[in-house]
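Q: Pasting a structure below so you can have a look.
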Amino acid sequence: MVGRDPPVPARGRRPGGPHGQAPAARRGRRRAARRPRRGRRAGAHGRPGDLAPHGARVRLRRRRGPVGPGDGLHPARAGPGGRPAAGQRAVAVAAPAGHAARRAGAGRRDRRGVGDGGAFLVDAGTFAVSVACLLAMRSRGPARAGTEPHEPLAVQLREAAAFVRTQTWLWGTLVAAALALLVFLGPMEVLVPFRIKHDLGSDAGAFGLVLAAGGAGTALGTFAVGHFGTPRREVTFLYWTWGLAALSLVGFGLAGAVWQMVVVGLAYGLLSGAGNPVWRTLMQVRVPPRMRGRVSSMDWLVSVGLTPVSFALTGPIAALAGAGTMLVVCGAAATFVTLALLYVVPGLRAEDGQLHAARLREASPAGAPGRP
């Protein structure tokens, strides 16, 4: 019969017992009938009906066990003036709120039986809806009288680099982001889900709760800055919020339960969400319109340029030091780098107050464009 071991030959068979078998033979048959059940419990990663002995099931489980920090739940990617414009505030709040709902739903879909592949397909469907909405958009602004002549890519990059070098707040922040993300992003994306699964013994639903808490915190932090406006010392505020947000890795490394990780994720979202609109406002106010696209490209190129190295080093280092230890060390290092550059780079804190000054110029009738 499928899924059942072959019967054990009866020994000492003699008439007189039930069914003509001795008690020893009956005990042997009962033990043989119990073996497949023990095998099914031990072979949790195998199929219940596999024609394999108990020992083979245990070996199968060991082969499919954890092989390193990268073996675990697939992180879903978790994302994003002085007073931001209304449209900018709406986008900055809606985006993290959408991420929170999508991430929370990912864990529920997995628990309800859709599986990893089905969850990815549902997630891909949300991006298809986004593309459809983007294609349906139409511009309502005035038509341009003409277009600027096309410039070679090398010329655009040189102009962007030259402009960045003249702005201390800009190149200092790009360097700080590049160094901080080098020690932050790999552990955040790889080791947090690894700890949830292998250290805390939880599943994709728990990881979805942590990501959802981060998305909800990002929405709340962004809404708070959009409502109250950016502080007068915007550069210092930006560095401290991002620096303390990086310290969340320490909390993820020390957490001993899923609810503690949820609290840490919420705090991380609040701090990063408060800093992101300040950075976007700085880019909108202090970068000339003609240079914004080029400077934004330079921003992405420099700030995330070292993240592939971060992902490549996370697994080997965590295998030697441990996932929790690496999270604690990397969180402290990212915070130290971010805050140290704020006080080490010459003239960086002197950039504070520029957004407030620009707001006063716009509010002044003499400084309004088109006025005599």
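Q: Take the alpha-carbon centre of the stretch 115-129, take the same for the stretch 223-283, and report the distance between them in whole Å.
A: Taking the Cα centre of each part, the stretch 115-129 and the stretch 223-283 sit 28 Å apart.
Q: Please give the peptides 246-258, 315-327 ranked by average Cβ packing (other Cβ atoms within 10 Å per residue), highest first, as a rough proxy for protection.
A: 246-258, 315-327
Q: Ok, one more. I'd like the projected area of the stretch 205-296, averaged over all directions, using the convex hull of its alpha carbons. Report it in nm² with one decimal.
A: Its average projected convex-hull area is 6.8 nm².
Q: What distance in nm separates the simple spin-label points at A257 and A161, each placed 7 Å from Cα in the Cβ direction?
A: Placing both labels 7 Å along Cα→Cβ, they lie 5.4 nm apart.
Q: Quick one: which of 167-174, 343-350 comes out on top by average Cβ neighbours within 10 Å, and what's the full order, highest first?
A: By packing density, highest mean first, the sequence is 167-174, 343-350.
Q: So, one more: Could you give each residue of the stretch 324-336 its phi-based ³J(HN,Hα) in whole Hz, using Karplus coefficients 6.51, -1.76, 1.60 with θ = phi - 60°, and x for Gly or Pro?
A: My calculation for the stretch 324-336 gives x, 5, 5, 4, 5, 5, 5, x, 5, 5, 5, 5, 4 Hz in order.
Q: Okay, moving on. Need one number: nm distance between label points at H150 and D116, each 7 Å from Cα along Cα→Cβ, rounded to one decimal.
A: 4.3
FYI, it's all coordinate maths here, none of it is from the lab. Everything numeric in this text was worked out from a predicted model, so none of it was measured. Here the Cβ is made from the backbone with ideal geometry for all residues, glycine too, and neighbour counts use every protein chain on show.
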